[in-house]
Structure formats: structure tokens, C-alpha cells
Amino acid sequence: MKHGLLILLGILFLSSCDLIIVEEPFDPRLNFVGRYDAEEYSETFDEYLYYDVRVTLDDGYYSDIIYLENFYNLNADVQAEVYGNSITIPRQRIGNWLIQGTGHLEYGDLVLTYSVEDLNRPRLPVDFCNTIMYLR
């Protein structure tokens, strides 16, 4: 009888406890971070180009910014904004290049569509590119 009463009291005690789970907010930018092998196709010039890209995070804690290092094989960093599994490359000037575009994650790879304008050669057509960046 005493043993049964102790078990019953133990069950009541455990059932009165609240389990609190604290979840850290997930940063969707982490899905993009890494090293990639880029396969770029220029619709304008009908050419393929292959190069390496590294994606890093902006330092701000509440930032939605990532950086695409060596974007367009320019050896320069292009800024992009993350929205879930998609990114927007806002219109920006990198050296003498004007760049803008969009992208999204697809099975761990980064798929991009963008335009690049060479400001040094205004008579040259704008380069419209489709690029798949394969995560290493």
C-alpha cells in the first residue's frame, strides 16, 4: 500500500512539472554558407565559364546579408539579401561593373540569374547569365 502510494505521488509530481524548450532562432543565411564550384552560362555571349565562389555571412547579428566572393570571377565580393531559400542581388556597382539578380537554393546548390554591365565599355551588351553553384 505504501509502495503504491509513493508511485502515485511520484506520477502526480512528474505530471505537474512543465517542460520548457528554448529554441534558438535559425538563421536562414547558414543554408548558403560554403564553397561552391560555379558553372556560369552567358546567354549574351553563348559561353561557359567555370570558377570558385565562397559564400560568407555579414557580421551583423540581425543581418540578412551574405557575400558572394569571386562572383562573376571578378575577385570581388557581391552583396546579396537572403529571404528564406532565395536571395536578391540588389543593383550594385563593383569596380566598373554594374550587377543585379536573383537566386535560390535547389537541393543544396545555388541557382542564380543575373546581369552584369561593363561600365568601361558601354557599347558592349549587358551580359545576362545563368549560373549553378555546386556546393563542394
(request) Any residue in segment 76-87 that's within 14 Å of L110 (Cβ to Cβ) and of a type in the set (G, A, S): show its pairings with residues that are open to solvent by 20 Å² or more (accessible area, probe 1.4 Å) and in a strand (DSSP E or B) at Cβ separation under 6 Å, as long as the two are six or more apart or on different chains. (result) S86/H104
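One line per residue, one yes/no per condition, for (1) modelled with pLDDT under 95; (2) open to solvent by less than 40 Å² (accessible area, probe 1.4 Å); (3) of a type in the set (S, T, N, Q):
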site	(1), (2), (3)
I89	no, yes, no
T102	no, no, yes
Y114	no, yes, no
D118	no, yes, no
P125	no, no, no
M133	no, yes, no
(request) Give me a count of the residues in segment 24-82 that are closer than 21 Å to P125 by Cβ, open to solvent by 30 Å² or more (accessible area, probe 1.4 Å) and of a type in the set (D, E, K, R). (result) 3
(request) Kindly check whether there is at least one residue in segment 7-16 that is modelled with pLDDT under 70 and not in a helix (DSSP H, G or I). (result) yes
(message) Give all pairs with beta carbons closer than 9 Å in which a residue from segment 114-136 that is without any contact (Cβ under 8 Å) to a residue 60 or more places away in the chain meets a residue that is among the acidic types (D, E) and open to solvent by 60 Å² or more (accessible area, probe 1.4 Å); count only pairs at least 6 apart in sequence or on separate chains.
(response) L124/E117
(request) Scan the strands (runs of 3 or more DSSP E) fully inside segment 46-111 and keep the ones with 2 or more residues being farther than 20 Å from R136 by Cα and touching an Asp or Glu at 6+ places or on another chain (Cβ under 8 Å). (result) 77-83, 86-94, 97-106
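The values are calculated or read from the model by the stated rules, or taken from the named source; none is laboratory data. Worth saying up front: this structure is predicted, and the values here are computed from it rather than measured. Every residue, glycine among them, receives a Cβ derived from its backbone with ideal geometry; neighbour counts consider all protein chains shown. The protein model used for the area step is the full one, side chains on, heavy atoms only, and it has no ligands, DNA or RNA in it. Shrake-Rupley method; radii C 1.70, N 1.55, O 1.52, S 1.80 Å.
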